[in-house]
Amino acid sequence: MDGTLIDSMKYHVIAWKQAFAESGYYPEDIEFYLNEGVKHPITVRDRLKKIGVNNPDEETVKKIYTRKREIFDEIVDIQPTEDVPELLDMLKGKVKLGVVTGGIRSVVDRVLAKLFDGYFDVVVDYESTEKGKPEPEPYLYAAKLTGFPKENILAIENAPSGIDSAVSAGLTCWAVCTTLEPKYLSKAHRVLKDFRELKNTLAELF
């Protein structure tokens, strides 16, 4: 959802950086983009490990990701990614649409109600599965909910963690370069410049 349906990753990065900084830690911006969609406790531990902090206590971990959520809610301006509304209008009623996101349910519900009410048949969020991206569970669960065989499902992602999740679940995955350069998205089966290119490509099939 973040970085695909909505143009929100910049707010996530700002919120993460501020939350870490308030605890005296300073991860690099790119790490948050590369690991988008990962469950929050894992994100905190991985970022701390990357800067040399091993085995942080649970209180520190929870403090950082809880503060991140607070900051994000304060600063986010929820807007659809360019060309996404037109793409969804083109697909609605022709295919079953789903969302597989690492976003927490309260945020996901708010976004879908505000911008995409009535578009999605399947929603898998942070709380839907025990393990999140890059593990396959979110997409395996989504595939089960659709009732379709895996070969009939196309996942659209914008970050390595999501691509790994979809591909390891046995799905075809295309990536769009909304937040990262193509070199970071090489595990996808196809990489597209943006949602306009995706819309034009899919339009040829309908």
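Bear in mind that the values in this text are calculations on the coordinates, not laboratory data. Only a predicted model underlies this, so the values are computations on that prediction, with no experimental measurement involved. Ideal geometry is used to build each Cβ from the backbone, glycine not excepted, and the neighbour counts take in all protein chains shown.
Divide by every residue of the chain the summed helix terms, -39500 (n - 2.57) for each DSSP H run of at least 4, and state the resulting mean residue ellipticity at 222 nm, rounded to the nearest 500 deg cm²/dmol.
Value at 222 nm, helices only, nearest 500: -14000 deg cm²/dmol.
Find the centroid of the Cα atoms in the stretch 32-109 and in the stretch 148-182, then give the distance between the two in whole Å.
Here the answer is 16 Å between Cα centres.
Taking only Cα atoms, what is the 0 to 90° angle, nearest 10, from helix 105-115's long axis to the longest principal axis of the chain?
That helix lies at roughly 40 degrees to the long axis.
Relative contact order for the stretch 84-203 using alpha-carbon pairs under 8 Å, separation at least 6, rounded to a whole percent?
Taking the mean separation of contacting Cα pairs over the length of the stretch 84-203, I get 20 percent.
Just need the relative contact order of the chain here, percent rounded to a whole number, with Cα pairs under 8 Å and 6+ apart.
After rounding, I find 22 percent.
Report the antiparallel proportion of the DSSP beta bridges in the chain as a percent, rounded to a multiple of 5.
Counting DSSP beta bridges with both partners in the chain, the antiparallel share is about 10 percent.
Can you check what the net charge comes to around ARG110, using other residues whose Cβ is under 12 Å from the Cβ of ARG110 (Lys, Arg +1; Asp, Glu -1)?
That sum, taken over residues with Cβ under 12 Å, equals -2.
Around LEU205, what is the net charge, scoring Lys/Arg as +1 and Asp/Glu as -1 over all other residues with Cβ under 12 Å from its Cβ?
+1
Let me see the pair-distance distribution of the stretch 88-206: every alpha carbon pair, 5 Å bin width, integer percents in order.
Spelled out per bin, shortest first, that is 2, 11, 20, 23, 25, 15, 3, 0.
What does the net charge come to around SER128 if you take all other residues with beta carbon closer than 15 Å to its beta carbon, with K and R at +1 and D and E at -1?
Value of the local net charge: -2.
Lysines within cross-link reach of LYS199: Cα-Cα under 29 Å, excluding same-chain residues under 8 positions apart?
LYS10, LYS92, LYS94, LYS96, LYS114, LYS133, LYS144, LYS150, LYS183, LYS187
What is the P(r) of the chain, as percent of Cα-Cα pairs per 10 Å bin from 0?
Result returned by the calculation: 8, 35, 38, 15, 3, 0.
By what distance, in whole Å, do the Cα atoms of the stretch 9-75 stretch along each of the three principal axes, largest value first?
Principal extents (largest minus smallest coordinate, Cα): 30, 23, 20 Å.
Whole-Hz ³J(HN,Hα) for each residue in the stretch 18-29, computed from phi via Karplus 6.51 cos²θ - 1.76 cosθ + 1.60 with θ = phi - 60°, x for glycine and proline: what do you get?
With coefficients 6.51, -1.76 and 1.60, one gets 5, 4, 5, 4, 5, 9, x, 10, 9, x, 7, 3 Hz.
Helix 137-146 against the longest principal axis of the chain: what's the angle in degrees, Cα atoms only, rounded to the nearest 10?
30
GLU28 versus GLU58, label points 7 Å from Cα toward the beta carbon: distance in nm?
The answer from the label model is 3.3 nm.
Quick check for you: which residues of the stretch 8-27 have the amide N under 13 Å from the point 7 Å beyond the Cα of ILE78 toward its beta carbon?
Residues 8 qualify, since their backbone N sits under 13 Å from the label point.
If you stretched the chain out fully between MET90 and THR66, how much longer would it get, using 0.36 nm times the residue separation minus the C-alpha to C-alpha distance?
Extending this stretch completely gives an extra 4.9 nm.
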